Amino acid sequence: FKGGDTCEYLLSSGRFLGEKVWQPHSCMMHKYKNSEAKDCLIDKHVVFIGDSRIRQLFYSFIKLINPQVKEEGIKHGNIPFEDKSASIKVDFLWYPEVNGSMRQRIKSWTEGSVAKPHIIVVGAATWSIKIHNGSNEALAQYKINITSIAPLLEKLAISSDVYWVLQDPVYEDMLSESRKMITNEKIDAYNEAAVRILNSSSRNSKAKVKVFSVSKLIAQETIMKSVDGLHLPESSRDTNAMILMNVYCNKILKPIDGSCCQPQPPLTLIQKIAFCFFTLSIIGYLIISLIHRNNYRKNKSCTDLESGEEKKPAISTPNVSTLEILLHCFCKLGLIMTYFYLCDRANLFMKENKFYTHSSFFIPIVYILVLGVFYTENTKETKVLNREQTDEWKGWMQLVILVYHISGASTFLPVYMHIRVLVAAYLFQTGYGHFSYFWIKGDFGVYRVCQVLFRLNFLVVVLCIVMDRPYQFYYFVPLVSVWFMIIYATLAVWPQIVQKKANGNCLWHFGLLLKLICLLTCIYFLSYSQGTFEKIFSFWPLSKCFELNGNVYEWWFRWKLDRYVVFHGMLFAFIYLALQKHQMISEGKGDPLFSNRVSNVLLFISIVSFLTYSIWASNCKNKTECNELHPSVSVVQVIISPSFILIRNIPGYVRSVYSSFFAWFGKISLELFICQYHIWLAADTKGILVLIPGYPMFNVLVSTFIFVCVAHEISQITNDLAQIVVPKDNSTLLKRLLCIAGFFSGLHFFSAMQDQSRH
C-alpha cells in the first residue's frame, strides 16, 4: 500500500492481460458503454489539442459516445463533434507544436468570461523533432515554451480536468525517410523535459495538471503493430480513450467494476451503529474473559505448606454462560466483518479485473478433482444421496463455481451453461432435502422453520448491514429461502400428508400428487406472467427484500431461470422414497441399485445425455437463447448426468465411498458462496482481491487460505448463535421472534432515515 490516489496508478502504470486487455496497477477499469458515456459527459465540453497522435485519441474518444463516427475531416485542421441529444461538445484543435499559437489559445480560456472546457487533453512533440531535424536547439525551445504554458494549464486545472499526454515511442524500423529523425531517444528527452517542468510548476499548487504517461507503456507493447511506425494501432488508441473515460467518469457514475478514481464511500448510519455494536461486543468479551481468568487464578490448586499436598479448589469452574457465548461470537464476527469492510469498501487493498483463459479455468479444476479423488473414505451408510454424498456433491460443485468466478469464465458460453446446471443442482438438493425431511419426520413446527431460515440468512443480513448492500444482491440466499418456504407451505397446508399417514392409506399418495400438480401449475403461471409476479413481490415489506436498483426484475429473472428444478427435486424424493419403501431398489454395501441390465442401460443413457448437453451448450449462440432453454434442459442434467445421481449411485462400490475433501467444503458451501463476494473476489464479485501485488499465484494462495478459514469460522459462529437465538422451547422462541421483529423494525427505521438523508 503506497497511499496515493488510484487515479495516479490509472494514468501511469499497468500491464496487459493477454493481447488487448489493459490492467491498471492496483485498481479496476470499467468498460463504458455509449449510454454511460453520454450520461457522464452530458452538458460537457471536451477539447483535444495537439498533433495527429492526439487526433487519433480524439476519434477513439468520440467513438465511445457515438460508434458510427468515421475518421473523416481535415487532417491538419480543427475537427468539431457534437452530440445534441446529450449536449456534448468535443473539439480537436490542430496545434502540432508547443509554441506561441498553442499558448495563445490556452490563455484565451483563462481570461475574461470565456467558457472553459471541462476536460482539456494536450500533447505534442514529434512535429518539433521532425521540422527541426531533431536538433538540440528545438528541444531547448520546447522547454521554454512548456515553461510558459505550464502556469496557464495550472490555472485551468483549478476548475477543469487537464491532461498532458506524453509522447509514445516509435517503431524506428518502420518509419519513413522523412521521419527517421524521430527517435525514441529524442522522444524520451522531450517527455523528461515536459514531466520535470509540469511537476515543478505544480509543486506548490493545489491544482495539478495530470500527466498521461500510461500511453507510453501501452505503446511499448503494441507499436510493432503500427502501420507507419508512428501512429498507434486502433486497439491501443481505444484503450487510451477508455482510460480517459475512467479517470473522469468513475467518480461521477461510480460503476461497481470501476474502482480506479473512486473515492471511498462514506459510512452510513447503519454501518456506524454496527461498528459501535461490534466494538462494544469485543470490549464486553474482553472484560468477561479477564474476570474469568482472575477467578480461575484465585480458585486454582495450591500446595498445603504443612503437608506438602496439593489442595483442590472447593468451588468448581462455572459453565460458560449464554452471554459469554454471544459476546464471543460477536467479537469474532466483528473482527471478520472489519476484514470484509477493509477488503471491499476501504481503499486499502488493491483490486484487479478478471481475465479469462482456458488454462486459468481448466488447470485448477483438474487439480481440485485429483485432490478430491485422493481423499476418499468409506461412507457410514450406502443409501442414495446419504449425508456424506450430498456434502461431497455440494463441495465439488462449490469449488468448481469458485474457480469459475475467479477466472472470469462466464465469458465462455459452454462453461457458463455447465455452471448454470450446477446452480440448478443446488436448488434440486433444496427440493430433495426439505421434502424428504417433512415427508419422513412430519415436523412442521415453528422451530424447524426458524432454524433453517436463520442458518440460511444470518450471514447475509450481517453483510447487508456492514457492506451496505440490498438483500437481493446476494441472490442465492433469497432464492433458497423462498423455495424452502414454498416447500413448507405446500406440505404444511391442509391436509398435511406425510409418509406415516400415506402408508396407512394409499389414496393419500394421490392427494400429495395433487398438491404437487397445483404447485407446478402456480410455477408455470408465474413464470409466464411477469406482471403478476412483480406485483406480488412489490408489496411492502417484500419489496424491501427483493428489490434491486429500484425494481424486482432481477429477482424475477433469477427465480425464472431455475423455476422447475426445486419441484423436480421434490418429485424425485417422493419417487425414490416410494421405491425404497416397496424395496424395489437394493442399497446394500457393494450392491447395484438395479439389476445389471437396467443399470447398464441407465448408465449408457446418462453418458449420452451428458455428451448431448455438452454439444448443445457448445453450439449455443448467446446467453439469452441459452437461458430461455435452460429451465427445461437443466433438470434432465441434474437427474441423469454422470457426476450427479445415477452414475454416482447405481454402482454399489461407487456408492459406498465418498471424498472427505469435497465433503469438508460441502459443509461450508453456503458460507463459501457468500464470502467470495467481498474477501476473495472484489468490487462485489466484478474483480479480484489483490493482497500481494506482482505475484498472482502467491496472491491467490494467500487470499484463498484466509477466505476458506473465514468461511469455516462463520459457519461455526452461525451454528453457535442458532442454538441461542432459536431455542426449542416455544415460549422462549416466541420472545426471541419478537426481539428479531423489533430488530428488523429498527433496521427499517434507520434505513428510511438513511435514504432520506441521501436524497
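Being modelled with pLDDT of 95 or more and either in the same structural domain as GLU71 (by the TED database) or closer than 29 Å to ALA682 by Cβ (or both) is a description that does not apply to ASN204. The single condition among (1) open to solvent by 50 Å² or more (accessible area, probe 1.4 Å); (2) closer than 27 Å to TYR437 by Cα; (3) among the charged types (D, E, K, R) that ARG597 does not meet is (2).
In segment 209-303, counting only helices (runs of 4 or more DSSP H) that sit wholly within it, the ones holding 1 or more residues that are closer than 30 Å to GLU172 by Cβ and under 24 Å from the mean Cα position of the chain (by Cα) span 234-253. In summary, helices (runs of 4 or more DSSP H) completely within segment 341-452 and bearing 3 or more residues that are out of contact with any strand residue (DSSP E or B) (no Cβ under 9 Å at 6 or more places or on another chain), at pLDDT 95 or above and among the aliphatic types (A, V, I, L, M) occur at 358-374, 387-407. Evaluated against (1) over 37 Å from the mean Cα position of the chain (by Cα); (2) under 22 Å from VAL98 (Cβ atoms), VAL47 falls short on exactly one condition, (1). For segment 110-123, what are the residues that are at pLDDT below 95 and surrounded by 12 or more Cβ atoms within 10 Å (Cβ to Cβ)? Across segment 110-123, the qualifying residues are THR110, LYS116.
Report yes if some residue within segment 247-268 is in the same structural domain as MET174 (by the TED database) and touching a Leu at 6+ places or on another chain (Cβ under 7 Å); otherwise report no. Yes, some residue in segment 247-268 is in the same structural domain as MET174 (by the TED database) and touching a Leu at 6+ places or on another chain (Cβ under 7 Å). For ILE282, the conditions (1) at pLDDT 90 or above; (2) open to solvent by 50 Å² or more (accessible area, probe 1.4 Å) all hold with the exception of (2).
For segment 686-706, indicate whether the set of residues that are of a type outside the set (Gly, Ala, Ser), in contact with an Asp or Glu (Cβ under 8 Å, 6 or more places away or on another chain), open to solvent by less than 20 Å² (accessible area, probe 1.4 Å) and closer than 30 Å to THR322 by Cα is non-empty. Checking segment 686-706: not a single residue is of a type outside the set (Gly, Ala, Ser), in contact with an Asp or Glu (Cβ under 8 Å, 6 or more places away or on another chain), open to solvent by less than 20 Å² (accessible area, probe 1.4 Å) and closer than 30 Å to THR322 by Cα. Scanning segment 533-590 for residues that are assigned to a helix (DSSP H, G or I), open to solvent by 60 Å² or more (accessible area, probe 1.4 Å) and either touching a residue at least 60 places away in the same chain (Cβ under 8 Å) or not assigned by the TED database to the domain that holds GLU381 (or both) gives LYS544, LYS581. Scanning segment 249-271 for residues that are under 16 Å from GLU8 (Cβ atoms), surrounded by fewer than 20 Cβ atoms within 10 Å (Cβ to Cβ) and either of a type in the set (Asp, Glu) or modelled with pLDDT of 90 or more (or both) gives a single hit, LYS251.
Checking every residue in segment 244-252 against the condition of being more than 20 Å from ILE120 (Cα to Cα) and aromatic (Phe, Trp, Tyr) gives zero matches.
In this structure, is TYR488 assigned to a helix (DSSP H, G or I), touching a His at 6+ places or on another chain (Cβ under 8 Å), in contact (Cβ under 8 Å) with a residue 12 or more places away in the chain and open to solvent by 20 Å² or more (accessible area, probe 1.4 Å)? Yes: the conditions hold for TYR488. Please indicate, with yes or no, whether at least one residue in segment 220-232 is polar (S, T, N, Q), in contact with a helix residue (DSSP H, G or I) (Cβ under 8 Å, 6 or more places away or on another chain), over 30 Å from LEU463 (Cα atoms) and assigned by the TED database to the domain that holds LEU17. Yes, segment 220-232 contains at least one residue that is polar (S, T, N, Q), in contact with a helix residue (DSSP H, G or I) (Cβ under 8 Å, 6 or more places away or on another chain), over 30 Å from LEU463 (Cα atoms) and assigned by the TED database to the domain that holds LEU17. Applying a threshold of 7 Å to beta carbon distances and a minimum spacing of six or more residues, or different chains, the list of pairs starting in segment 118-137 at a residue that is assigned by the TED database to the domain that holds ASP168 and ending at one that is open to solvent by 70 Å² or more (accessible area, probe 1.4 Å) and of a type in the set (Asp, Glu) is empty. Please verify whether segment 494-511 includes one or more residues that are within 26 Å of CYS450 (Cβ to Cβ), open to solvent by 30 Å² or more (accessible area, probe 1.4 Å), assigned to a loop (DSSP other than H, G, I, E, B) and without any contact (Cβ under 8 Å) to a residue 12 or more places away in the chain. Yes, that holds for at least one residue. At least 3 residues being more than 45 Å from the chain's Cα centre (by Cα), of a type in the set (D, E, K, R) and over 22 Å from ILE243 (Cβ atoms) is the threshold, and among the helices (runs of 4 or more DSSP H) wholly inside segment 98-173 those reaching it are 100-110. Only one of the numbered conditions (1) over 26 Å from HIS30 (Cβ atoms); (2) of a type in the set (Ser, Thr, Tyr); (3) surrounded by fewer than 19 Cβ atoms within 10 Å (Cβ to Cβ) is not met by THR357, and that is (1).
The selection criterion, being under 30 Å from GLU36 (Cβ atoms) and either under 45 Å from the mean Cα position of the chain (by Cα) or modelled with pLDDT under 95 (or both), holds for LYS70.
How about segment 7-20: which of its residues are open to solvent by 30 Å² or more (accessible area, probe 1.4 Å) and either at pLDDT below 90 or of a type in the set (Lys, Arg) (or both)? Answer for segment 7-20, where residues must be open to solvent by 30 Å² or more (accessible area, probe 1.4 Å) and either at pLDDT below 90 or of a type in the set (Lys, Arg) (or both): GLU8, TYR9, ARG15, GLY18, GLU19, LYS20. The residues in segment 683-739 that are part of a helix (DSSP H, G or I) and touching a strand residue (DSSP E or B) at 6+ places or on another chain (Cβ under 9 Å) can be counted, and the count is 5.
Selection of first residues in segment 645-663 that are part of a loop (DSSP other than H, G, I, E, B) and among the polar types (S, T, N, Q) and of second residues that are crowded, with 16+ Cβ neighbours inside 10 Å and modelled with pLDDT of 85 or more, restricted to Cβ pairs under 9 Å at least 6 apart or on distinct chains, gives the following pairs, ordered by first then second residue: SER656/THR379; SER656/THR382. For segment 360-378, the set of residues classified as in contact (Cβ under 8 Å) with a residue 40 or more places away in the chain and open to solvent by 20 Å² or more (accessible area, probe 1.4 Å) consists of SER360, PRO364, LEU371, VAL373, PHE374, TYR375, THR376, GLU377, ASN378, listed by residue number. Out of PRO151, PRO169, I need the residue that is touching a Lys or Arg at 6+ places or on another chain (Cβ under 7 Å), open to solvent by 10 Å² or more (accessible area, probe 1.4 Å), assigned by the TED database to the domain that holds PRO80 and of a type outside the set (A, V, I, L, M). Which one? Among PRO151, PRO169, only PRO169 is touching a Lys or Arg at 6+ places or on another chain (Cβ under 7 Å), open to solvent by 10 Å² or more (accessible area, probe 1.4 Å), assigned by the TED database to the domain that holds PRO80 and of a type outside the set (A, V, I, L, M).
The values are calculated or read from the model by the stated rules, or taken from the named source; none is laboratory data. The structure displayed is predicted, hence computed values, not measured ones. All Cβ positions, glycine included, derive from the backbone under ideal geometry; neighbour counts span all protein chains shown. These area figures cover heavy atoms from the full protein model, side chains too; ligands, DNA and RNA do not enter into them. Shrake-Rupley method; radii C 1.70, N 1.55, O 1.52, S 1.80 Å.
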